[in-house]
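Below is one structure, written out as structure tokens; comments come after it.
Read-outs: derived from the displayed coordinates by stated rules, not from any lab. Keep in mind it's a predicted model, so treat the numbers as computed, not measured. Cβ: placed from backbone, ideal geometry, glycine included. Neighbour counts: every protein chain shown.
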Amino acid sequence: MLRALLVAPPGAGKGTQGERLADIYGVPHLSTGELLRAEVAKRSKIGLDVESFMHRGDLVPDELMAPLLLGYLTGPEPLSGFVLDGFPRTAEQAELAHQWGLASGITFNAVISLDVPAEELVERLVRRGSEVSRSDDTIETIRLRQQVYAKSTEPLLEYYRGRVILIEVDGTGTVDEVTRRIRE
Ligand code: AMP
């Protein structure tokens, strides 16, 4: 049963690859970005609270993020498999994921990172901003999201490399090529 975490910079293809892997391995795809966007669209209490953070490209505080995600992970029955896309994004969240795993008797079997050169990431995000309307795909917000990734999320790769579950994949080329590399 696949229990994978996807850790990659904005625009690297987490969402696309996450959906495909979930389909291939028959497990749910849990994207924290999508869960949050759904709350914003519903105008729920949490949606209203997180909207401004997301709009400017900042991370949503853990006290809002963690209960939402844990609700989906644990649900009535803890999920036995999943592709978790967009979480963890900070050392604190990695610790939270670790503690959740310990408490539920679940180990993660892969942390997948996607490498894409910085200039290509910006191009991809600007293109996406013009195709699907995401209020955080503007050039200013993209820059901030990249800084947030470099400062808070990228150091996690070292942490997972140390735990020997990090799989680093070249994220350039076609969607099919990237999926094939991950599966290999
Ligand atoms: P994404 O769809 O993964 O690019 O996420 C979009 C936005 O949702 C991010 O820029 C953050 O504002 C928020 N977000 C998603 N996942 C997290 C997380 N694990 N922790 C905090 N904020 C998050």
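Of interest is the spacing of the C-alpha centroids, which for the range 137-154 and the range 1-20 amounts to 17 Å. With neighbour counts taken as other beta-carbon atoms within 10 Å, the residues 106, 112, 182 rank, fewest first, as 106, 182, 112.
From the alpha carbon centroid of the range 163-184 to that of the range 56-83 is 24 Å. Computed 3J(HN,Hα) for the range 170-184, one whole-Hz value per residue from the Karplus formula 6.51 cos²θ - 1.76 cosθ + 1.60 where θ = phi - 60°, is 5, x, 8, x, 6, 4, 4, 4, 5, 4, 5, 4, 4, 5, 4, glycine and proline marked x. From least to most packed, judged by other beta carbons within 10 angstrom and beginning with the fewest, 64, 156 follow the order 64, 156.
Under 5 Å between amide hydrogens, built in the peptide plane, is the criterion, and for residue 110 it picks out 3, 5 among residues at least 5 positions away or on other chains.
Electrostatic tally near residue 83: other residues with Cβ closer than 13 Å to its Cβ, Lys and Arg +1, Asp and Glu -1, net 0. Close amide H partners of residue 171, meaning residues 5 or more places away or on another chain with modelled amide H under 5 Å apart, are 115, 116. Straightening the chain between residue 34 and residue 118 buys 27.9 nm, computed as 0.36 nm per residue apart minus the Cα-Cα spacing.
The local environment of residue 51, defined by Cβ-Cβ distances under 12 Å, has a net charge of +1 under the rule Lys, Arg +1 and Asp, Glu -1.
Summing charges over neighbours of residue 96, with a neighbour being any other residue whose Cβ is under 13 Å away from its Cβ, gives -3 when K and R count +1 and D and E count -1.
The phi-based Karplus calculation (6.51 cos²θ - 1.76 cosθ + 1.60; θ = phi - 60°) puts the 3J(HN,Hα) values of the range 155-166 at x, 5, 4, 4, 4, 6, 4, x, 8, 6, 10, 7 Hz, whole numbers, x for Gly and Pro. In units of the rule-of-thumb radius 2.2 N^0.38 Å, the range 46-104 shows an alpha carbon radius of gyration of 1.18. Using just its DSSP H runs of length 4 or more, each adding -39500 (n - 2.57), the chain gives a mean residue ellipticity at 222 nm of -17000 deg cm²/dmol after division by all residues.
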